[in-house]
1. Grab the beta carbon distance between residue A:55 and residue A:34, set R0 = 51 Å, and tell me the FRET efficiency rounded to 0.05.
2. Find the sum over both chains of the accessible area lost when A and B are paired, probe 1.4 Å, and report it in Å² to the nearest 100.
3. Rounded to two decimals, what is Rg over Rh for the stretch B:41-152 when you use alpha-carbon atoms and the Kirkwood radius?
4. Would you mind checking A:76/B:92; A:6/B:92; A:32/B:147; A:83/B:42; A:54/B:102; A:83/B:148 for any pair whose Cα atoms are more than 25 angstrom apart?
5. Can you give me the accessible area per residue for the stretch A:17-103, using a 1.4 Å probe, in Å²?
6. Do any trypsin sites (Lys or Arg not before Pro) in the stretch A:9-103 lie in a DSSP loop with no more than 12 other beta carbon atoms within 10 Å, and if so, which?
7. What's the carbon and sulfur percent of the stretch B:41-152's accessible surface, probe 1.4 angstrom, rounded to a whole number?
8. In terms of modelled amide H atoms, which long-range or inter-chain residues lie less than 5 Å from the amide H of residue A:96?
Amino acid sequence: MADPMKIRAANKDGVTEVKILMSHEMETGQRKDASGAIVPAHFITEVTASWNGKVVLQGEFGPAVSKNPYLSFKFKGGAKGEKVTVSWVDNKGDKRSDEGVIA
Amino acid sequence: MSMNEMNARRDAMKKMGGMGFLGLLAAAGMITPQMALAAWNKGAFEAKTLADTLKALGAGTPVESKDVVLNAPDIAENGAVVPVSVTSNLPKSQQVAILVEKNPNALTAQFTIPEGTEASITTRVKMGQTSDVYALVKSDGKFYIAKKEIKVTLGGCGG
């Protein structure tokens, strides 16, 4: 399983800003290794962020999202101490889910 | 079918056969391999040209709009990591997508914006070469677009 995500969430004036750093190779499937063989594509396809059981962002990635994807967004609501849950699935079916506490 | 797809499929088959992590989850009734990939818009992500991508997204011919703000550097020294942020000032923005015209597949990422979430997304993308980058926003059922050229000094898709 992949390394944990780094999730930072901060509430200011009723709006929570979430910053996520995922740990993933994001291999495009276009690159060749030293022997000339194509390195198979391996990238995150779906990302979902939720707060209090409500989905606050749903994203789909292609292989052209940078290695160790960064994502930030804002949603209305969220209070200090509450949790934001982020999960992703990649094209090989690997998945990961982590939580961040709103500051 | 491209080699990449075949590889991906072969890997998926291996996983299922080998009762890997997914297999375990499937056995536990939590998830099936099909479910894991079902929502991903394969057609749009595998479309090669900008026009085909827009078609696959159902965007047709989007209208250029000043209310779609695409924030990115003019020049990216490293094409592997190009920060891009899209903000829509249009009401009822439901969907945001980032497209890089000259990448092998134009669609880079797309987001669904539920009510209560601001249509303002920042991420980082790879660019193989200097290209026009598009921000596509679906607002109240209609599509709007903004464009910016980003010059790339060092491509991010080669090996």
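The values are calculated or read from the model by the stated rules, or taken from the named source; none is laboratory data. Bear in mind the structure is a predicted one, so any value in this text is a computation, not a measurement. Glycine also receives a Cβ, built like all others from the backbone with ideal geometry; neighbour counts cover every protein chain displayed. Ligands, DNA and RNA are excluded from the accessible area calculation, which covers all protein heavy atoms including side chains. Shrake-Rupley method; radii C 1.70, N 1.55, O 1.52, S 1.80 Å.
1. On the way: r = 42 Å, r/R0 = 0.83.
E between residue A:55 and residue A:34, to the nearest 0.05, is 0.75.
2. Numbers: alone 6370 and 9870 Å², together 12850 Å².
Adding both sides of the contact gives about 3400 Å².
3. 0.94
4. Beyond 25 Å between Cα atoms: A:6/B:92; A:32/B:147; A:83/B:42; A:54/B:102; A:83/B:148.
5. That works out to 40 Å² for each residue.
6. Values: sites: A:12, A:19, A:31, A:32, A:54, A:67, A:74, A:76, A:80, A:83, A:92, A:95, A:96; in loops: A:31, A:67, A:80, A:92.
Listed in order of number, the matching sites are A:80.
7. Carbon and sulfur: 48 percent of the exposed surface of the stretch B:41-152.
8. Correct list: A:88.
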